[in-house]
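Colleague: Before we start, here is the structure in question, set down as structure tokens.
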Amino acid sequence: MVKLNEVGFKEEILLMIKFTKEDYVNSIVNGNLYMNNIKYFVDLENRTGIKGQGDKYEAGNVISDVEIKFYKAGTDQLIAEGYAEEIIDRSNFFDDLPIFCITAFSANDFKIIRETGDYYEVAFDVEESERNRMLANFGEKAILINPKLFLDKVDDFFRNDKTEYVARRVNYKNLKTNDEERIMNYRNHFLLPMFTKDKYYEYQREFRIVALGHRTENNYFANIGSLDKVAFFVTNTKDVFREITLQIRKK
């Protein structure tokens, strides 16, 4: 089978899916974007020990395999030394920033199963190991969303609200490797840490919205208006990868 990215489609987002619990479906379809702050996700993994839902590295500068030495102030006299498997340097600047997370699928995630003169019919082509991790860590319901219409509504909301926000895909890096550029960027580019996660989470294909103008100690609701023309299908998460096909108009 030919992948969609082999026929002229690149990295543009073709489909967004909000995986959630059944209890939250109606609220999301009504346009309520529930945003926990970044500290919530840090605390979630630290509290539960479950990697995949929370993330102790969230917006942190991770430095691994660290030798630590302490010297007497103003001298070369070594007074103590030690070793740390990793150090997580995190600025409090990020703690109270609310985020909304959604899964974004691109051309690389689809294979062509039929072709007409006007469009390709495509089905998911996602590694089984990644599908299994989604099923294990995401909610039981999947809301399929038109990405352009959704992001237009998000932009309209924040523009009318007269507050700043930023929305983009998450970039995945091996945080166990001491990449000099990544470490230096932590202090020099304030946006990058919010959109950099460990490659362990790459299966999540996360697209993130950060409400810069609504810092909160708990959570924040952004009501962007009904998604009745944006969220075009709701199904069970376990059925997404075996039953869903899309028609993608040719370029």
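Colleague: Check Y119: other-chain or 5+ apart residues with amide H under 5 Å from its amide H, H built from backbone geometry?
Modeller: K250
Colleague: Which of the following values of Cα extents along the principal axes in Å was calculated from the structure shown: (i) 76, 42, 33; (ii) 50, 47, 30; (iii) 53, 49, 28?
Modeller: Only one option fits the structure, namely (i).
Colleague: Tally the DSSP beta bridges in segment 114-239 and give the antiparallel ones as a percent, rounded to 5.
Modeller: 80 percent
Colleague: Let me ask something additional. Starting with the fewest neighbours, write out I248, I143 ranked by other beta-carbon atoms found within 10 Å of each beta-carbon.
Modeller: I248, I143
Colleague: List Y172, Y83, Y71 from most exposed to least, where exposure is judged by having the fewest other Cβ atoms within 10 Å.
Modeller: Y83, Y71, Y172
Colleague: Okay, next question. How high is the FRET efficiency from E127 to A80, r the C-beta distance, R0 45 Å, rounded to 0.05?
Modeller: Using R0 = 45 Å, I get an efficiency of 0.45.
Colleague: Using modelled backbone amide H atoms (1.01 Å from N, in-plane), which distant-in-sequence or interchain residues come within less than 5 Å of I13's amide H?
Modeller: Residues meeting the amide H criterion: none.
Colleague: Another question, then. For Cα pairs less than 8 Å apart in space and 6+ apart in sequence, what is the mean separation divided by the residue count of the chain, i.e. the relative contact order in percent?
Modeller: Relative contact order of the chain: 33 percent.
Colleague: Say the dipole of segment 36-128 comes from +1 at the beta carbon of Lys and Arg and -1 at that of Asp and Glu; which of Q53, S106, A123 then lies farthest toward its positive end?
Modeller: Going by the Cα projections, it comes out as Q53.
Colleague: From the backbone phi of segment 220-234, what are the Karplus-calculated ³J(HN,Hα) couplings (6.51 cos²θ - 1.76 cosθ + 1.60, θ = phi - 60°) in whole Hz, Gly and Pro given as x?
Modeller: Here the 3J(HN,Hα) series is 9, 9, 10, 9, 8, x, 3, 9, 4, 9, 10, 8, 9, 6, 10 Hz.
Colleague: Quick check: Cα centre of segment 202-251 to Cα centre of segment 1-80, how many Å?
Modeller: About 17 Å separates the Cα centre of segment 202-251 from the one of segment 1-80.
Colleague: Near K56, which aspartates and glutamates are there with a Cα under 18 Å away, not counting those fewer than 8 places off in the same chain?
Modeller: Within reach: D43, E45, D65, E85, E86, D89, D95, D96, D198, E202, E206, E217.
Colleague: Within the chain, what's the longest stretch lacking GluC sites (Glu not before Pro) that sit in DSSP loops with no more than 15 other Cβ atoms inside 10 Å?
Modeller: Longest stretch, sites excluded: 13-126.
Colleague: May I pose another question? Mind checking the dipole of the chain: about its Cα centre, +1 per Lys or Arg Cβ, -1 per Asp or Glu Cβ, Debye to the nearest 20?
Modeller: 540 debye
Colleague: Across bins of 10 angstrom width beginning at 0, how are the C-alpha pair distances of segment 173-242 distributed, in whole percent?
Modeller: The distribution over segment 173-242 is 13, 29, 34, 19, 4, given as percents.
Here, each number is a calculation from the coordinates, and none is a lab measurement. Keep in mind that this is a model prediction, so the values were computed, not measured. For neighbour counting, all protein chains shown are included, and Cβ atoms are generated from backbone atoms with ideal geometry for every residue, glycine included.
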